[in-house]
Amino acid sequence: MAAPLLEFRHLSKSYRQADQNHVVLNDANGEIYEGEFIVLLGKSGSGKSTLLNLISGIDAPSRGDILVNGQSLTEMSEDERTLFRRRYIGFVFQSFNLIPTLTVKDNLLLPLELTGQLDSGSRAKLADMLEELGLAHRADYYPDRLSTGEQQRIAIARALIHNPSIILADEPTGNLDHDTGQDVLNLLDQLVRQAGKTMIMVTHSREVIGLADRLMTIRDCRLEECNAG
């Protein structure tokens, strides 16, 4: 059997709040394999976004370790984690997080520039991706001239453009109406599977569950595997 792409080993995270220790995750263990689509469930404030931040290296655990392809994130410096995140992680956020002063094209070129992948081939890839999304005619538009559905499709393209290994999606349909959200979910599932990427999605949407390979939930600060039933 192939080795896991992601491993959580006795992962714990806590914060100090008003002289009290607030535990978010406690002794979380798990494995995620290349190409899997994992849906992460849990109540609001249960630690789902915290886990995504730990996987991406934005935050460091209080105890335990995260391994990506066998490499420990906790042994990396902050600068090393930043470089790791730029190269290996793609984000899709609920609020899109497109840069308002950049055009659609320049929003998509930015991850390529940050990872040193900006060349004629990548520009051609960008054009192909916009064509596939049906948004080639929006390349020189600014984000505020796009519909919410178009903004989220561009955000998905930005998450994939630099060919990351892992896609992290935090409530990607939270700001969309039902029909637009369903279209975006189907597009995200299609593009990620087509590229053979691993995706971990935080969501409250029951429609997403049918797309997932596995479900995980955070309950009482513990990470558990569950099933759709």
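The values are calculated or read from the model by the stated rules, or taken from the named source; none is laboratory data. Just so it is clear, the model here is predicted, and its values are computed rather than measured. Cβ sites come from the backbone with ideal geometry, for glycine too, and all protein chains shown count toward neighbours. These accessible areas exclude ligands, DNA and RNA; they are computed on the full protein's heavy atoms, side chains included. Shrake-Rupley method; radii C 1.70, N 1.55, O 1.52, S 1.80 Å.
Pick from the range 5-32 the residues that are in contact with a His (Cβ under 9 Å, 6 or more places away or on another chain) and on the phi < 0 side of the Ramachandran plot: which of them is most open to solvent (accessible area, probe 1.4 Å)?
Arg16
May I ask you to say which residue of Ala169, Ala157 is free of Cβ contacts under 8 Å to residues at least 60 places away in the same chain, within 14 Å of the chain's Cα centre (by Cα) and within 14 Å of Asn97 (Cβ to Cβ)?
None of the others qualify; the one that does is Ala157.
Please determine whether any residue of the range 139-147 is within 13 Å of Asn107 (Cβ to Cβ), of a type in the set (Lys, Arg), open to solvent by 30 Å² or more (accessible area, probe 1.4 Å) and in contact with an Asp or Glu (Cβ under 9 Å, 6 or more places away or on another chain).
no
When only residues in the range 66-104 that are in contact with a Leu (Cβ under 7 Å, 6 or more places away or on another chain) and among the charged types (D, E, K, R) count, which is least open to solvent (accessible area, probe 1.4 Å)?
Arg81
Restricting the search to the range 33-44, which residues are of a type in the set (D, E, K, R) and either open to solvent by 70 Å² or more (accessible area, probe 1.4 Å) or in a strand (DSSP E or B) (or both)?
Hits for the range 33-44 are Glu34, Lys43.
Working only within the range 47-61, note down all residues that are over 14 Å from the mean Cα position of the chain (by Cα) and either under 14 Å from Glu171 (Cα atoms) or at pLDDT 95 or above (or both).
Selection gives Gly47 alone.
Does any residue of the range 29-43 turn out to be farther than 17 Å from Met201 by Cβ and either hydrophobic (A, V, I, L, M, F, W, C) or over 19 Å from the mean Cα position of the chain (by Cα) (or both)?
Yes, the range 29-43 contains at least one residue that is farther than 17 Å from Met201 by Cβ and either hydrophobic (A, V, I, L, M, F, W, C) or over 19 Å from the mean Cα position of the chain (by Cα) (or both).
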